[in-house]
2 protein chains.
Amino acid sequence: MEEGDIFAPVFDAHGLLPVIVTAAETGEVLMFAHMNDEALARTIDTGEAHFWSRSRNALWRKGETSGNTLRVVEIRTDCDQDVLWLTAEMTGAGACCHTGRLSCFYRAVPFGAGAGGKLVMVHAERHFDPDAIYGGPSKTKL
Amino acid sequence: MEEGDIFAPVFDAHGLLPVIVTAAETGEVLMFAHMNDEALARTIDTGEAHFWSRSRNALWRKGETSGNTLRVVEIRTDCDQDVLWLTAEMTGAGACCHTGRLSCFYRAVPFGAGAGGKLVMVHAERHFDPDAIYGGPSKTKL
């Protein structure tokens with residue numbers, strides 16, 4: 001498992017695997033999501049990131065609504081094969097987050113002595129208008 | 001939640017938050033673990049990464065056995081505040097994985113047309129001897 005070259009992904013009790021996505025160009029963490037076995041198989045087959053939406057209970061090709069797909073550059077598995085790391089290129093508007101921002105991780109958390117507790121905006125800019133793309137407040141943000 | 005500057009981390013049903021750790025120097029993903037509220041509070045207070053070990057059901061200061069601690073450079077939260085991304089500097093042997101390797105993500109998964117299925121070793125080198133540090137095969141790899 002830890003030393004071999006056999007890919008044997010370990011899905012959790014819900015049949016899911018956590019997936020970290022980083023940007024090929026900058027290394028920035030773009031998003032965090034889950035894959036089931038079908039999403040993983042489609043990602044491996046097509047080189048396009050697919051996930052399992054836990055909120056919608058449905059297979060999800062990233063960008064199927066917004067056009068902001070993810071082209072896989074590298075897939076890595078961790079020591080105990082229960083997490084994946086995808087390095088990917090963004091297509092479309094260059095935004096990965098459903099809020100229209102480059103990354104879902106657009107706010108920093110203060111830490112250390114005297115940390116005030118207020119989040120600090122790192123990526124304010126929206127690369128698309130989420131209301132226009134997703135049709136207003138919605139849970140189907142693909 | 002998504003637009004404000006209030007830090008309101010959303011722990012899962014087990015009281016845990018998934019945490020992605022990347023290397024400040026290279027941007028490489030080093031590890032993936034979980035924090036409970038105490039691990040998060042200690043990380044914020046001390047600037048040293050603390051986690052919750054699900055296998056041992058215990059608070060865990062990364063590197064408390066191996067000496068390979070993580071000095072936090074930045075903490076970010078995602079859009080719905082249920083995942084954290086830590087950027088950190090490694091101390092000690094420069095290894096984050098309990099196998100002695102730089103990163104837990106030391107193997108690549110082939111994908112695309114004709115992908116063979118065999119994992120490809122990316123980081124073979126061990127920066128410490130896990131048996132010497134952890135006293136042989138063990139589940140307490142801190």
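The values are calculated or read from the model by the stated rules, or taken from the named source; none is laboratory data. These numbers were taken from a predicted model, which means no experiment stands behind them. Positions of Cβ are generated from backbone atoms using ideal geometry, with glycine treated the same way; all protein chains shown enter the neighbour counts. The area values use the complete protein model at the heavy-atom level, side chains included, leaving out ligands, DNA and RNA. Shrake-Rupley method; radii C 1.70, N 1.55, O 1.52, S 1.80 Å.
So that you can scan it fast, the table gives a plain yes or no per residue for (1) of a type in the set (Asp, Glu); (2) in contact with a helix residue (DSSP H, G or I) (Cβ under 8 Å, 6 or more places away or on another chain):
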| residue | (1), (2) |
| --- | --- |
| A:Ile6 | no, no |
| A:Phe11 | no, yes |
| A:Ala23 | no, no |
| A:Val29 | no, no |
| A:Asp37 | yes, no |
| A:Thr77 | no, no |
| A:Arg101 | no, no |
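Going residue by residue through region B:125-140, is there one that turns out to be closer than 24 Å to A:Asp12 by Cα, among the β-branched types (Val, Ile, Thr) and within 11 Å of chain A (Cβ to nearest Cβ)?
no
Selection within region B:68-88: residues that are touching a residue at least 60 places away in the same chain (Cβ under 8 Å) and touching a Ser or Thr at 6+ places or on another chain (Cβ under 9 Å). The member of this set that is farthest from B:Glu125 (Cα to Cα) is B:Cys79.
Part of a loop (DSSP other than H, G, I, E, B), of a type outside the set (S, T, N, Q) and touching a residue at least 12 places away in the same chain (Cβ under 8 Å): which single residue out of B:Ala13, B:Ala8 fits that description?
On the way: B:Ala13 fails: touching a residue at least 12 places away in the same chain (Cβ under 8 Å).
Only one candidate passes the filter, namely B:Ala8.
All of B:Phe105, B:Phe51 fail the test of being among the aromatic types (Phe, Trp, Tyr), within 13 Å of chain A (Cβ to nearest Cβ) and either part of a strand (DSSP E or B) or touching an Asp or Glu at 6+ places or on another chain (Cβ under 9 Å) (or both), apart from B:Phe105. Among the candidates A:Pro18, A:Pro9, the residue that is within 13 Å of chain B (Cβ to nearest Cβ) and open to solvent by 30 Å² or more (accessible area, probe 1.4 Å) is uniquely A:Pro9.
Count of region B:54-63 residues, restricted to those that are outside any strand (DSSP E or B) and either charged (D, E, K, R) or open to solvent by 30 Å² or more (accessible area, probe 1.4 Å) (or both), is 5.
With respect to A:Ile75, determine if the residue is under 17 Å from B:Ile20 (Cβ atoms) and not in a loop (DSSP other than H, G, I, E, B). Here the answer is yes, as A:Ile75 does meet what is asked. Of everything in region B:64-87 that is modelled with pLDDT of 95 or more and more than 11 Å from chain A (Cβ to nearest Cβ), the residue that is least open to solvent (accessible area, probe 1.4 Å) is B:Leu70. Of the residues in region A:24-37, at least one is more than 8 Å from chain B (Cβ to nearest Cβ), over 14 Å from the mean Cα position of the chain (by Cα), more than 21 Å from B:Gly116 (Cβ to Cβ) and charged (D, E, K, R). B:His98 meets all of the listed conditions (1) touching a strand residue (DSSP E or B) at 6+ places or on another chain (Cβ under 7 Å); (2) within 8 Å of another protein chain (Cβ to nearest Cβ); (3) not aromatic (Phe, Trp, Tyr) but one, namely (1).
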